[in-house]
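Laboratory data are not the source of any read-out in this text; all were calculated from the coordinates shown. If you're wondering where the values come from, they're calculated on a predicted model, not measured in any experiment. FYI the Cβ positions are ideal-geometry reconstructions off the backbone, even for glycines, and counts take in every protein chain you see.
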Amino acid sequence: MAIDNFIPEIWSAQLLENLRKNLVYGSVVNTDYEGEITKYGDTVHIQNIGSINIFDYTKNTDMSSPQMLNDGTRALVINQAKAFNFQVDDIDKAQQNPKIMQKAMEEASYALADVKDRFIASSYVDAGSQIGDDTKPIVPTSENAYDHLVDLAVVLSENDIPRTNRWVVIPEWFHGLLLKDDRFVKSTPLGDNVLLNGLVGRAAGFNVFTSNNVPSTGGAQYKVIAGHPSAITFAQQLTNLEAYRPEKRFADAVKGLALYGAKAIKPKALAVLTANKTIVK
């Protein structure tokens, strides 16, 4: 090959980042027991105190014996272990951008978070209330999508779930239906919450989030999950993160291990709407 015909390849200093989904579910659950895990298989036993009886008090009359408290226990098991292991060859590192390792670490972190987000979303199976199901899913329209959110809110209220900090996670197509309804468009401004990932508005007393991680079956039977932060607890631990030089390569490598688990500890604080996407003809 003649030298005159040689055209060197140019490596841009700008790295093309992957398109990323909104990671939502990890931000709407609680992490109250996160500090209590250290290894895979750990189990956190969460106790729940039963109701306290209230009775009429009569002056100068002995009260009944103290009530024996009833408690229940739920187990949060750290049963998920996910890892990553990647390398950057020294030649690539020299020719490309010195920041490539940093960008690769950011991508690995996001990929782990995406897996966790989908795992948390799978907790919908423990929801205490359901509207529609896989055999008879709801088919929302632009005229009634908002009304279905109201139905979810009513279910939670009937279960005595606090009205503050309620959330609902919807797929993008459901959000599109809401945008055609003035009740949603004119809803309360987001205010200080505008920076929350995936937050698109307020409706029916919910902070409304969108996510492409909403569980579904083949593009149908979407599980629109509504709830309160107390409903699901999530615990995680990045137990190992190591940078090393592979023995048989001239390269820098990084590997990491993340352990986590999630549990619907208050099922009645979760409500699920099973919905099929409206087909626009």
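A few comments on the model shown:
- Asp160-Glu107 pseudo-label distance in nm [points 7 Å out on the Cα-to-Cβ vector]: 5.1
- FRET efficiency, Asp133 to Asn79 (Cβ-Cβ, R0 22 Å, nearest 0.05): 0.25
- Entries in Lys116/Lys223; Lys116/Lys266; Lys180/Lys263; Lys21/Lys99; Lys103/Lys263; Lys186/Lys277 that, when Cα-Cα distance is taken, lie over 29 Å: Lys180/Lys263; Lys103/Lys263
- Volume of the Cα convex hull of the range 113-221, divided per residue and given in Å³: 114
- Each peptide among 258-270, 153-165 gets the average number of other Cβ atoms lying within 10 Å of its residues, and from highest to lowest they stand as 258-270, 153-165.
- Over the range 59-178, all Cα pairs binned in 10 Å intervals from 0 give whole-percent P(r) values of 8, 21, 22, 19, 15, 10, 3, 1, 1, listed from short to long.
- Remark: the Leu179-Met63 segment gains 35.9 nm on full extension, using 0.36 nm per residue and subtracting the alpha carbon distance.
- For Arg118, net neighbour charge (Lys/Arg +1, Asp/Glu -1) across residues whose Cβ lies under 13 Å away: +2
- Sites Thr43 and Glu172, calculated FRET efficiency, Cβ-Cβ separation with R0 41 Å, nearest 0.05: 0.65
- Placing a pseudo-label 7 Å from each Cα along the Cα-to-Cβ vector at Ile54 and Asn30 gives an inter-label distance of 2.2 nm.
- If you plug the beta carbon distance of Ser142 and Lys21 into 1/(1 + (r/R0)^6) with R0 = 25 Å, you get a FRET efficiency near 0.55.
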